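Remarks on the structure that follows.
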Amino acid sequence: MNNNVVTVGSKFPEFRKKSVVSIEKGKEFKEIGNDYFEGKWAVMFWWPKDFTFVCPTEIAEFNKAFPDFQDRDTVLLGASTDTEFVHLAWRKDHSDLRDLRFPMIADTSKSLAEALNILEPNEKIAYRATFIIDPQGIVRWINVNDLSVGRNVAEVIRVLDALQTDELCPCNWTKGEETLTAKQKAEAAAINN
């Protein structure tokens, strides 16, 4: 286990990993690192194992929401501790994964998962962890689910929206609603008039 726990407010660890970016022959692989999302918001989500049951439901849902992340100028990245060759075989094999629009990072050495402190202790596979990283490379939100429970992609987008306002957002706030900051400003203006 890593003693330097990455948490909200921490710099996201430096990494460079082989990734699957396409199933087109000759264009399958690319090295992905922090420079891939430098200066932009990023969402990196992890799943435990390729060729399993819950994982493709999440990956497919993130892919469906890809335009929502693009609209928010946010880079989407998926990752597990499987190899890039397993990722590629899975994408080719599973109809919901063939047309992914984000890279599948292969953390085969488990060094990034270990740095993030998201390895399940027995099998040494990643928990279902999600990180929102701001344009300065600072972790702004972390969510970790146990191995058997899929995450809610809409909630990831809701939290991203709230963080991007850079204002105070109340419980259950959604994009388009008034933030507490805006409400406080309006109340202060009313008192001063």
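The values are calculated or read from the model by the stated rules, or taken from the named source; none is laboratory data. Fair warning: this is a prediction, and the values are worked out from it, not measured in the lab. Don't worry about glycine lacking a Cβ; one is built from the backbone with ideal geometry, like all the others, and counts go over all protein chains shown. These area figures cover heavy atoms from the full protein model, side chains too; ligands, DNA and RNA do not enter into them. Shrake-Rupley method; radii C 1.70, N 1.55, O 1.52, S 1.80 Å.
Of note:
- Qualifying residue in segment 86-109 (condition: touching a Leu at 6+ places or on another chain (Cβ under 7 Å) and among the charged types (D, E, K, R)): yes
- Residue under evaluation Pro56, criteria (1) open to solvent by 50 Å² or more (accessible area, probe 1.4 Å); (2) under 24 Å from Ala154 (Cα atoms); (3) assigned to a helix (DSSP H, G or I), criterion not met: (1)
Results for (1) closer than 21 Å to Ala89 by Cα; (2) out of contact with any strand residue (DSSP E or B) (no Cβ under 7 Å at 6 or more places or on another chain); (3) modelled with pLDDT under 95; (4) not in a strand (DSSP E or B), shown as yes or no for each residue.
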site	(1), (2), (3), (4)
Lys18	yes, no, no, no
Glu24	yes, yes, yes, yes
Asp35	no, yes, no, yes
Glu38	no, yes, no, yes
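- Residue count for segment 91-126, restricted to those that are open to solvent by less than 10 Å² (accessible area, probe 1.4 Å), of a type outside the set (Asp, Glu) and part of a loop (DSSP other than H, G, I, E, B): 5
- Residue, most open to solvent (accessible area, probe 1.4 Å), within segment 59-82, restricted to residues that are among the small types (Gly, Ala, Ser) and without any contact (Cβ under 8 Å) to a residue 60 or more places away in the chain: Ala60
- Test: residue in segment 40-49 that is open to solvent by 50 Å² or more (accessible area, probe 1.4 Å), within 14 Å of the chain's Cα centre (by Cα) and under 23 Å from Ala162 (Cα atoms): yes
- Residue match in segment 132-145 (condition: assigned to a helix (DSSP H, G or I) and in contact (Cβ under 8 Å) with a residue 12 or more places away in the chain): no
- So Val6, is it open to solvent by less than 60 Å² (accessible area, probe 1.4 Å), aliphatic (A, V, I, L, M), closer than 18 Å to Thr130 by Cβ and touching a Gly at 6+ places or on another chain (Cβ under 7 Å): no
- Arg140 vs. criteria in contact with a Leu (Cβ under 6 Å, 6 or more places away or on another chain), modelled with pLDDT under 95, surrounded by 14 or more Cβ atoms within 10 Å (Cβ to Cβ) and within 27 Å of Glu14 (Cβ to Cβ): no
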